[in-house]
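> Can you keep this structure in mind? I'll have questions shortly.
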Amino acid sequence: MNSQRCYRQLVCWCWLAGCLVWLPAPVSAEQPLAVAGDTALSAEDIEYFERKIRPLLSQHCYECHSADADTVHAGLLLDSAQAIAAGGDSGPLLTAGKPEQSLLIKTIRYDGDIQMPPQGAMAKHEIAELTNWVRRGAPFPPSSAPSPRGKDGIDFDAGRTFWSFQPVQQQPLPEVQHRDWPRTRTDTFVLAAMEQHGLSPSPAAARATLARRLYFDLTGLPPTPDQVQAFVNDERNDAYQRLVNQLLESPQYGEKWGRWWLDMARYTDRTASWLSKTGQAFRYRDWVVEAFNDDMPYDQFVHRQLATDLMPQTGPDDLPALGFISLSPTYWKEPKLPCEIIKTIVADEWEERVDAVSRTFLGLTVACARCHDHKFDPISSEDYYALAGVFASCRHEERPLIGEAAYQPVREAKAAVAKLEAAIAKAKKEKSQPKEKIAELQAEINEIKAATPLYDTPMVNALVEEATYVVRAGKTPQDGTKFEHRAQPRDLPAFIRGNPNRPGKIVPRRFLTVLSDDPVPFQNGSGRLELAESITTDAASLAARVIVNRVWLAHFDQGIVATPSNFGQQGERPTHPELLDDLAARFIAEGWSIKSLHREILLSATWQQSSADDPQRLAADPENRWLSRMNRRRLTFEEWRDAMLAASGTLNAQTGGASQALEAAGNHRRTLYATVHRRDMAATLMVHDFPDPTQHSPMRTTTITPLQGLYALNGPLLLQHAGALEQRLIHEVAGDDAQRIRRAYQLLFSRPPTERELQLGGAFVAPSQTRWQAYLHVLLAANEFAFVD
């Protein structure tokens, strides 16, 4: 029997016997597409419509097809779900999910007798976006606007009464019946909610399970069998707390939680090919990892990522922090195009910065106010342009990791080298004896480099305080576009319907009105530092709620607020509002310490509960909103791959430094250090739910797809590590199949095999030792290996 046949036999055997794989409740797969007018849209659908679709309809259609139009043309309105569903004089407008059958799409493509807009076809990317909207099911939020409004627009005083804009304060502990269960303040709030819903806590998880859970949650790596056994045998009263503290101080903690932050920062190692060539993006990644390991106070963590270069207490070695902004997605700007088009592209980049900053730090979708006042939250269009002006007043620039004075000789030397390199390029094109000339020029280059001690100083992706203006390169649009960079900051006009070619009144750079009693215009350069400080002062309560909820979500696989980047009207309300406020208030009071927040959560009886299914709890609370059991958490791709490396004994523990291609031969570093390419993502990452580095990702979307299963069965990763694990077992365990099976289970699952599992494995490998790799391959592909517990 060949090895492939043996392997297939084992897979079928294990499936039928149900021994090697235990099956947790499946992770939710894709939901059905929303339909136009559906009032139960997801927060993602609503945000997509407000940011991508409503601006297009407003810009191209509402002048003739909205309730505010002087004359409604063709009996068609496009400003509500009901109106779109009703269609116009020409009949139904669209078929949700089927753009090719939709009159709207045919019309904007100029495919039929009706061609709109009448003044000329939309840009190709705009047509593509509307086509995608229809394909997604044409989600359209309810037309009513919950945001409180007065006769002059948004009523900000009324808006400030919304729950997430209220000041946080430590909450009184509620009364509970089972007073012996809580171990922390957190537990008391959770228990009170349980009891209100007729629930009681689950028993504590087994110590071996807790060890595995802790290691993955804090380091992203599995514990070794010796580490599990040491904790199980530790009879000290504070053994668990000691382990928590030990893992919080390990360098692997920063690697795990640094990757968690990079999802929100839309981190990439490689950007578009037309951008700057020498900046080392990995230095931002390493800065984030170090910041977590050092337990940098979160308010400082925010300040430095937005404005470390403007802070007197930081220096050049802190410049990598600016990667949060300087590694933002940047779009191609063809200089031959008219500046009217380029202005729109640049405005889209400002919008991306506003969106990333507001969603990440404030949990607000401020970018939805680019074209009009926010439809749901008390955020005006002027608020949007007040923030956009901050990012219009700085630009991306590579900067050295030394002071400007020390770098000036290097800058001059590099300018001289650049001229010589241009001369070499010219000489290579000459036909008559260019070699001697090239050699002379190269020698001169080498001499300059040798005479400049700091010539190879690393450069990092950073920012400079210069405003960018897009202007015509000549007198007519056909002359193309050029960019002017000016040292003075700029205040942007409020673009009418979001169109930068239709400027309105100038809006001073300042903070959001709803989060400050009387927002004062920023005065310090671009205003980046003032913006950062406003986030942690004027908006401290909101910012603390947002980050506390993010950490909670990471530990429980569900947030107290289920929409971690939307704390506005269209976001979910907190399941445990008093708990969230209590945690946020204490988080601020304790110096914005993320590690202290971890301790509060991990030392709770809530987090230490068993995840075992209980029919009564499942029936009473199937989504586990009230936390009467621990949620089973599937490993991220990074944790899954790193666990294979650890189990097979091939993990390279080197920290920091340049990235390496994920599939590169011999790449055994943690997945954190695999190259993330924004424009050419590794297929393996895409298959396994890796976040899109072009946009802020508040939480991982977990899917179960056939491609993932095929990858596990046929891909090189599991086969390779099954072979490495086999060699480890041969080296560590004497030639006893049963002992090797026991060791494999401890390495992979942090538990011994059952007698049935031991019998089944032994029966499979007994006929031939060549079956071991196939057997271990199945264990690596097992469902249990893909879950924490």
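The values are calculated or read from the model by the stated rules, or taken from the named source; none is laboratory data. All values reported here derive from a predicted model rather than from experimental measurement. Reconstructed Cβ throughout: ideal geometry from the backbone, glycine too, with neighbour counts over all protein chains shown.
> Return the residues of segment 308-341 that are over 28 Å from the mean Cα position of the chain (by Cα) and either of a type in the set (Phe, Trp, Tyr) or under 29 Å from Lys475 (Cα atoms) (or both); say none if nothing qualifies.
Glu334, Pro335, Lys336, Leu337, Pro338, Cys339, Glu340, Ile341
> Can you name the residue in segment 102-122 that is loosely packed, with under 13 Cβ neighbours inside 10 Å and either under 17 Å from Gly88 (Cβ atoms) or touching a residue at least 24 places away in the same chain (Cβ under 8 Å) (or both) and, of all such residues, is farthest from the chain's Cα centre (by Cα)? First the steps, then the outcome.
So in segment 102-122, the residues loosely packed, with under 13 Cβ neighbours inside 10 Å come out as 111-113, 118-120.
Imposing the further condition that a residue be either under 17 Å from Gly88 (Cβ atoms) or touching a residue at least 24 places away in the same chain (Cβ under 8 Å) (or both) reduces the set to 112-113, 118.
Working: Gly112: 42, Asp113: 44, Pro118: 40 Å.
Checked segment 102-122; the qualifying residue farthest from the chain's Cα centre (by Cα) is Asp113.
Each row is one residue, and each column tells you yes or no for (1) within 32 Å of the chain's Cα centre (by Cα); (2) at pLDDT below 90.
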| site | (1), (2) |
| --- | --- |
| Ala145 | yes, yes |
| Asp152 | no, yes |
| Asp155 | no, no |
| Pro174 | no, no |
| His178 | no, no |
| Glu195 | no, no |
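> While we're on this one: With the requirement that a residue be under 25 Å from the mean Cα position of the chain (by Cα), modelled with pLDDT under 70 and among the aliphatic types (A, V, I, L, M), what does segment 26-75 give you?
First pass over segment 26-75, keeping only residues under 25 Å from the mean Cα position of the chain (by Cα): 26-34, 40-55.
Imposing the further condition that a residue be modelled with pLDDT under 70 reduces the set to 26-34, 40, 43.
Matches in segment 26-75: Val27, Ala29, Leu33, Ala34, Ala40, Ala43.
> Does Gly571 qualify as being at pLDDT below 95, in a loop (DSSP other than H, G, I, E, B) and under 13 Å from Leu362 (Cβ atoms)? Spell out how you get there, then give the answer.
Working: at pLDDT below 95: yes; in a loop (DSSP other than H, G, I, E, B): yes; under 13 Å from Leu362 (Cβ atoms): yes.
In short, yes.
> Looking at segment 269-304 only, could you name the residues that are assigned to a loop (DSSP other than H, G, I, E, B) and at pLDDT 95 or above? Walk me through it before giving the result.
Taking segment 269-304 first, the residues assigned to a loop (DSSP other than H, G, I, E, B) are 269, 271-281, 294-297.
The answer is Asp294, Asp295, Met296, Pro297.
> So in segment 544-568, with the set limited to residues that are in a helix (DSSP H, G or I) and among the β-branched types (Val, Ile, Thr), which one is surrounded by the most Cβ atoms within 10 Å (Cβ to Cβ)?
Val548
> Out of (1) surrounded by 15 or more Cβ atoms within 10 Å (Cβ to Cβ); (2) in contact (Cβ under 8 Å) with a residue 60 or more places away in the chain; (3) not β-branched (Val, Ile, Thr), what's the single condition that is false for Gln82?
Looking at each condition in turn, Gln82 falls short on (1).
> Of the numbered conditions (1) in a helix (DSSP H, G or I); (2) at pLDDT 95 or above; (3) surrounded by 20 or more Cβ atoms within 10 Å (Cβ to Cβ), Pro378 fails exactly one; give the number of that condition.
(1)
> Is it fair to say Ala96 is at negative phi, loosely packed, with under 13 Cβ neighbours inside 10 Å and not assigned by TED's automatic domain parsing to the domain that holds Leu337? Before you say what the answer is, go through the steps one by one.
On the way: at negative phi: yes; loosely packed, with under 13 Cβ neighbours inside 10 Å: no; not assigned by TED's automatic domain parsing to the domain that holds Leu337: yes.
For Ala96, the condition - at negative phi, loosely packed, with under 13 Cβ neighbours inside 10 Å and not assigned by TED's automatic domain parsing to the domain that holds Leu337 - is not met.
> Between Ala540, Ala612, which is surrounded by fewer than 18 Cβ atoms within 10 Å (Cβ to Cβ) and either touching a residue at least 40 places away in the same chain (Cβ under 8 Å) or charged (D, E, K, R) (or both)? I'd like the intermediate steps shown before the answer.
Numbers: Ala540 fails: surrounded by fewer than 18 Cβ atoms within 10 Å (Cβ to Cβ).
Answer to the selection: Ala612.
> Sticking with this structure for a sec: How many residues does segment 76-101 hold that are within 19 Å of Met122 (Cβ to Cβ), among the acidic types (Asp, Glu) and more than 36 Å from the chain's Cα centre (by Cα)?
0
> Which condition breaks for Ala724 when tested against (1) closer than 30 Å to Met630 by Cα; (2) surrounded by fewer than 21 Cβ atoms within 10 Å (Cβ to Cβ)?
All conditions are met except number (1).
> Kindly indicate whether Arg771 is under 22 Å from Pro222 (Cα atoms), modelled with pLDDT of 95 or more and surrounded by 18 or more Cβ atoms within 10 Å (Cβ to Cβ). Working first, answer last.
Details: under 22 Å from Pro222 (Cα atoms): no; modelled with pLDDT of 95 or more: yes; surrounded by 18 or more Cβ atoms within 10 Å (Cβ to Cβ): yes.
Answer is no for this residue.
> Please find, within segment 584-609, the residue that is surrounded by the most Cβ atoms within 10 Å (Cβ to Cβ) out of those that are over 17 Å from Pro182 (Cβ atoms) and of a type in the set (A, V, I, L, M). Spell out how you get there, then give the answer.
If we filter segment 584-609 for residues that are over 17 Å from Pro182 (Cβ atoms), which is where we start, we get 584-585, 587-598.
So of that shortlist, the ones also of a type in the set (A, V, I, L, M) come out as 584-585, 588-589, 594, 597.
Working: Ala584: 25, Ala585: 19, Ile588: 18, Ala589: 11, Ile594: 21, Leu597: 22.
The selected residue is Ala584.
> A follow-up question, please. Looking at Thr186, Thr161, Thr219, Thr209, can you tell me which residue is within 30 Å of Glu50 (Cβ to Cβ), modelled with pLDDT of 95 or more and of a type outside the set (Phe, Trp, Tyr)? Reasoning before the result, please.
On the way: Thr186 fails: within 30 Å of Glu50 (Cβ to Cβ); Thr219 fails: within 30 Å of Glu50 (Cβ to Cβ); Thr209 fails: within 30 Å of Glu50 (Cβ to Cβ).
One residue alone meets the criteria, Thr161.
> Among (1) within 15 Å of Asp269 (Cβ to Cβ); (2) buried (at least 16 other Cβ atoms within 10 Å of the Cβ), where does Asp689 come up short?
Of (1) within 15 Å of Asp269 (Cβ to Cβ); (2) buried (at least 16 other Cβ atoms within 10 Å of the Cβ), only one is false for Asp689: (1).
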